[in-house]
Amino acid sequence: MKKFLTIVFGCTTMAFLLFFLQGCLKDKVTRTYTIMTPVYESKTTVLANIKSDLQAEVKSPGKIFIYGNYIFLNEVNEGVHIIDNSNPSNPVVKSFIPIPGNVDIAVKGNTLYADMYTDLLSIDISDPLNAKLLKTVADVFPERAYDVTGMYGGIVPDKSKIIVDWIKKDTTVEGEPNIYSGGIMFDSQKDFALASAAVAAPGIGGSLARFSIVNDYLYAVDHHTLKSILITDPSNPKLISNIPGGFDIETIYPFKDKLFVGSMTGLYIFDLTNPASPAMKGTFSHARACDPVVADDNYAYVTLKEGTSCGPAEDELLVLNVANVSAPTLLKKYSMQNPSGLAKDGSTLFICDGTGGLKVFDATDALNISLKKQIKGIEPRDVIAWKNNALVIAKEGLFQFDYSNPNNIYLRSRITVSK
Amino acid sequence: MTIPIQTTFTSEAGSLYQNRIAMKPKIYLVLVLILTIASGFAQSKAKIKFSNITQFGTLSGKSSTEYQMQTVNGVKYKTISAGVGVGLDNYYEQTIPLFLDIRKNFYGRSSTPFVYGDAGYSFLPKDSKLMWEIDHKGGTYYAAGIGYEFPLDKKVKAVFDIGYSYKHFSRKIDSEPWRSSIPHNYDRYNYSLNRISIKAGLSF
């Protein structure tokens, strides 16, 4: 009886305490963000300054492109570094072409093609250290305009001005996460920005490219279309066609007479028999994820990255049979940590696996690839493998590895990101 | 004219990898503390008992009332006991607290009031990511309160307690995943949650 009374007394006391004390407690949720105010420059002035007589630190490396002895390295939203890579063990940052809003690059011959927000620029780099603007083609990439809907922050595109910088002011407020309404509403406008451009003959880019040159055409993708741009006259690129290319397109990778287009929901294969108007030949759907792709004659290698804006898919590598491009089929899945860019040279497959580092696989048998080397300590995003030299763009900077002996891959050089 | 928009936070703030590294010293610290205390008990001549306390209960705060469960394993010496606890905390977001638990009985008899204090780290499960989230990490966990225990038989005791409980965690979220034209935008949310904890269970 005494125990029973004790329990009753205890429970009653607790109930009263709970009732009275609960109202005294508060949960605190703070949101820290930065208010950013754009700094404008007249478009005339910006275009006049597009020349390679500057030097700038590598702060936010984006896409990479190799051509001849040079590496072209995109500084996200700011321009292109030109790096003399005559000696991969000692690359030298030579100059910088300031291009506000630049995220994609590709090179053919002596011409660099780069985006500047909505515009496409062609730049003469016959002397890479004395680049000259050839042509500006306006409104090729309308999705890159600021606040097309006018719903976010009220910034309305003014075609006579270019945003060249931002004034940042950090602030913290109390508040709850508000991430869903905007995210879903604007999902179709998502513009993915990390990585590099790809080319067939004249240069080589990475797997995260949104620009690619095949023969006389520059192909570029936005969220829903594949654009073919005739570049026989570099001083006068012409947008020829906008071809519906699926949804949430992210990357484009050329192989022989095919374009492999990676989207967040699948892989699209285009045939280039008519290069002015590529025809979609086959598709392969997968769970929503970030999805770069590389391919060879028989196989396509697709990495699916979960998280952030990518989607809920598993982190994995898919190997597809693309011998029949009309009907790509899944052959095998390999579990990964958080993969993004990838490259294949012969039987060696490189995968940038997020915090898992750079992974090097023996892909002699696509159905049984085996890990040969894992390079930790960097967070790689994309890789170009060319002539036993792997260029890796990572959060920490640009790295070059010698893989002439797959059993003894070693770091040749690095250009570290400035803090 | 310049029109401010709400956007970016931090450029390359901590990754999950870094968070895991940051958590490890805290776990080691808790283990070292409990081993130190256990070692101190072991050196004494008094009788040391191993103990287990398993409890279920509620966490009530401004946001809601949710369930919790905990189990503490440790040692007991006279009226003092210490152990390492792990649990499930479902308040606001489900977290897993790992903590050092120390409690002191008021009396040496079998039925006695007691006070307790917990301190440790609250882990946020990896699969609790929100849409557009870059990463998340757990944070400080602590609790303190009073309780009462009484025997049900020779080995088993019933334990009730009430107290204050705090946990913290944070999330880094891509606030504009559809944009690349401006430097990428992140919001950092910090959650500091204060609750009343009520638990009941058994002690062996």
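Here, each number is a calculation from the coordinates, and none is a lab measurement. Please read all numbers here as calculations on a predicted model, not as lab measurements. We place every Cβ from the backbone using ideal geometry, glycine too, and count neighbours over all the protein chains shown.
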Peptide A:164-171: average number of partner chain Cβ atoms within 10 Å per residue?
2
I'd like to compare A:83-89, A:360-366: which one has the highest average count of other Cβ atoms within 10 Å, and what's the full order after that?
A:360-366, A:83-89
Listed peptides A:395-406, B:102-113, A:108-119 by packing density, highest first (mean Cβ within 10 Å):
A:108-119, A:395-406, B:102-113
Starting from the Cα of A:LYS161, draw a straight line to each of the aspartates and glutamates and keep only those under 18 Å, dropping any in the same chain fewer than 8 residues away.
A:GLU41, A:GLU78, A:ASP115, A:ASP119, A:ASP139, A:GLU143, A:ASP147
The simple spin-label model distance between A:VAL173 and A:GLN337, using points 7 Å out along Cα→Cβ, in nm, is 3.8 nm
Karplus (6.51, -1.76, 1.60) ³J(HN,Hα), θ = phi - 60°, over segment A:217-222, in Hz, Gly and Pro reported as x
10, 9, 9, 9, 10, 10
With a Förster radius of 25 Å, plug the Cβ-Cβ distance of A:ASN90 and A:ASP216 into 1/(1 + (r/R0)^6) and report the FRET value to the nearest 0.05.
0.10
Across segment A:354-362, in residue order, what do the Karplus-derived ³J(HN,Hα) couplings come to in whole Hz, using 6.51 cos²θ - 1.76 cosθ + 1.60 with θ = phi - 60° and x for Gly and Pro?
x, 5, x, x, 8, 10, 10, 10, 8
Amide H to amide H under 5 Å from A:SER95: which residues, 5+ apart in sequence or cross-chain, H placed 1.01 Å off N in plane?
A:ILE82
Cα centroids of segment A:318-377 and segment A:70-135: how far apart, whole angstrom?
29 Å
If Lys and Arg each add +1 and Asp and Glu each add -1, what is the summed charge of the other residues whose beta carbon sits under 9 Å from the beta carbon of A:TYR70?
0
List A:ASP216, A:ASP170 from most exposed to least, where exposure is judged by having the fewest other Cβ atoms within 10 Å.
A:ASP170, A:ASP216
Placed amide H near A:GLY62: partners under 5 Å, 5+ positions off or other chain:
A:ASN74, A:GLU75, A:VAL76
Long-range HN-HN contacts of B:GLU133 with modeled amide H, under 5 Å
A:THR308, B:ASP174
Summed over the other residues with a beta carbon less than 13 angstrom from that of A:PRO100, with K and R at +1 and D and E at -1, the charge totals -3
Mind giving me the FRET efficiency for A:ASP296 and B:LYS104? R0 is 60 Å, r the Cβ-Cβ distance, nearest 0.05 is fine.
0.30
Rounded to whole Hz, the Karplus (6.51, -1.76, 1.60) HN-Hα couplings of segment A:392-401, x for glycine and proline:
10, 9, 10, 4, 8, x, 9, 10, 10, 10
